[in-house]
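Written out below as structure tokens is the structure these notes cover.
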Amino acid sequence: MKIGLLALSGIRAHDPELLALGLTLPGFVERSRQIASLPSLGLLYLAAMTPPGHELRYFEAESDRTEPAEVYSCDLVAISTFSAQVREAYAIADRLRRAGVRVAMGGLHVSVRPEEAARHADYVVRGEGEAAWPAVVEAAAAGAPPRVFDAKDFGALDVASLPVPRYDLLGDRPYNRFTVQTSRGCPWRCDFCASTVMLSQSYRKRPVASVVRDIRAVMRVRERPFIEFADDNTFVDKAWGRELCRQLAPLRLKWFTETDISVADDPELLDLMAEAGGRQVLIGLESPAASALEGMEMRANFKARRAARYTEALRRVQARGITVNGCFILGLDEHGPEVFAQVLEYARSIPLYDVQITILTPFPGTPLYDRLLAEGIIEPERWDLCTLFDVNYVPKKMSVEELRAGIRWLTERLYSAEETAARRKPFFAGLRPQPDHRPAA
Ligand code: B12
């Protein structure tokens, strides 16, 4: 068969006023450009698991979010879904099926709404796709009837046996970053989190040698790549993290990752991260007021317990030349209209190179979604609004309009050229050797 892998990339947001603002603000535009064209790692993993004897092609949807004409020449097309683009994905799937092309769908969204996806796709996979994919290919080749496959029926996935993603299929598309996974899942369970924890609850680290092997495969496609680790939380295990960095150092990479504030507890790890090419870590600080963090992380109340020590921790990371992108969520239960000014003030008071603000988003499948649905304060099935920049629920202590206006107000201030420069200045100053650290003449 001819198998097409169709990725829907790019950024999604609908609030027209926020969009208009974003397009003019330097701090905002910069991050969007960096990430807008990451390839779909999930599809590259499926490609690597495809049984021999089939022809494989990787496609990106067009900039108007329609499918390229060549996908119609495929016998089977695999589409990966996030909630925000799932309606576009369904529309593409419907058109392909009308034209006689078989469609398989997987990814975070359809894993939690398989019955919805089954109305648009021949084959739907719940959970991590690697083990189920050969069975999907076999079903499509045999013209088997539509079916929902559950990863659980194919046994526990051993991350040590993951193949090298087929980066070679990306051809010479102009990606400015490449994704590699070092781990899957996260030991914490934040009620809003809609990342890999949705596919499999367990936290698993990959062997460091496999990560290095995959990066070498990226380097065959791009000699000096910038790597974005597509992990939920990279440095949970500090000893493993130190070993990872030791083995990354000789590759002379630059990389970005998401982790939690506990990296700052381990000075040796921080040194090794810097030596290994760590450029930025994205850390969820979530809220300026610790009270809003109470109970958010449901296993050990991790986030609320840490909040008091943020400043010192962030300083330790940035002193190594690794920038921190601190993330705040707006619209938590405890947040009233005063939160926007509080975040502005707080972000100014702590050492951060970049700031990310997003709106609390109940994604389907999360404990947050179920809670707000039970309370009757969510717009059900408005998946298009699951962008992190749009509002699909009624916050507890402010109106929807106050939340929308507040994020615009904060966006304008946090991402202005002056504010961005002022925020970054201490970072660069902090890198200069301090007088007491200079070697004696
Ligand atoms: C890289 C990334 C992107 C890239 C995606 C590139 C691409 N073309 O796919 C870019 C930058 C484009 C992106 C955009 C967005 N993203 Co994003 N992104 C990520 C990130 C950091 C890693 C995803 C990843 O690579 N995972 C690793 C792979 C291996 O896992 P996977 O994709 O889930 O694939 C596995 C299974 O799902 C399954 N599978 C997947 N597809 C298929 C298909 C078939 C046929 C089968 C059988 C199986 C299968 O098998 C795979 C292997 O096990 C995650 C955060 C995180 N830490 O996970 C957020 C994340 C996925 N993004 C998120 C969001 C909200 C967005 C945006 C809406 C943001 C915005 N406002 O624009 C947009 C979505 C727009 C769009 N185009 O879809 C949310 C999604 C939540 C949700 N449930 O929908 C996440 C979880 C972050 C978060 N804050 O919660 N993102």
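The values are calculated or read from the model by the stated rules, or taken from the named source; none is laboratory data. Bear in mind that the values here come from a model prediction, so they are computed numbers and not experimental data. Cβ: placed from backbone, ideal geometry, glycine included. Neighbour counts: every protein chain shown. The accessibility values were calculated without ligands, DNA or RNA, using every heavy atom of the protein model including side chains. Shrake-Rupley method; radii C 1.70, N 1.55, O 1.52, S 1.80 Å.
Tabulated results
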read-out	value
Value in Å of the Kirkwood radius, where segment 210-295 supplies the Cα pairs that are averaged	13.9 Å
Lysine pairs meeting the criterion (Cα under 23 Å, 8 or more apart or interchain), as found in the chain	9
Sequence of His14, His120, His109 when ordered by accessible area, the most exposed leading, probe 1.4 angstrom	His14, His120, His109
Cα gyration tensor category, rounded, prolate or oblate, for segment 32-180 with a/c compared to 1.5	rounded
Other-chain or far-sequence residues with amide H under 5 Å of Leu282's (modelled H)	Thr257, Glu258, Thr259, Asn325
Rel. contact order, % - alpha carbon contacts under 8 angstrom, at least six apart, segment 145-248	35 percent
Average Cα contact separation per residue, the chain, under 8 Å, 6 or more apart, as relative contact order %	15 percent
Stokes-Einstein translational diffusion, segment 139-190 - Kirkwood Rh over all Cα pairs, 0.692 mPa s, 37 °C, in µm²/s	212 µm²/s
Selected from Ala276, Ala319, Ala421 as most flexible by GNM, with the chain as the system and alpha-carbon contacts under 10 Å	Ala421
Accessible surface of segment 375-414 [probe 1.4 Å, protein heavy atoms]: carbon and sulfur percent	54 percent
Within the accessible area of segment 131-176 (1.4 Å probe), percent carbon and sulfur	54 percent
Accessible surface, the chain, averaged per residue in Å² (probe 1.4 Å)	42 Å²
Helix 417-431 axis, angle to the chain major axis (alpha carbon atoms, nearest 10°)	70 degrees
Per the chain, cysteines lacking a partner by the 4.7 Å Cβ criterion	Cys74, Cys186, Cys245, Cys327, Cys386
Cα-projected label distance for Arg216 with Ala99, points at 7 Å along beta-carbon direction, nm	4.0 nm
Cα-based helix-to-principal-axis angle, 208-221 vs the chain, degrees rounded to 10	70 degrees
Volume per residue that the Cα convex hull of segment 316-418 spans, once the total is divided by residue count, Å³	123 Å³
Length-normalised contact order for segment 78-199 - Cα pairs under 8 Å, 6+ apart - percent	21 percent
Cα-based radius of gyration of the chain once divided by 2.2 N^0.38 Å, which approximates compact folds	0.99
Most mobile listed residue (Ser40, Ser83, Ser416) in the chain, GNM with C-alpha springs under 10 Å	Ser416
Euclidean distance of C-alpha centroids, segment 42-106 and segment 193-228, integer Å	22 Å
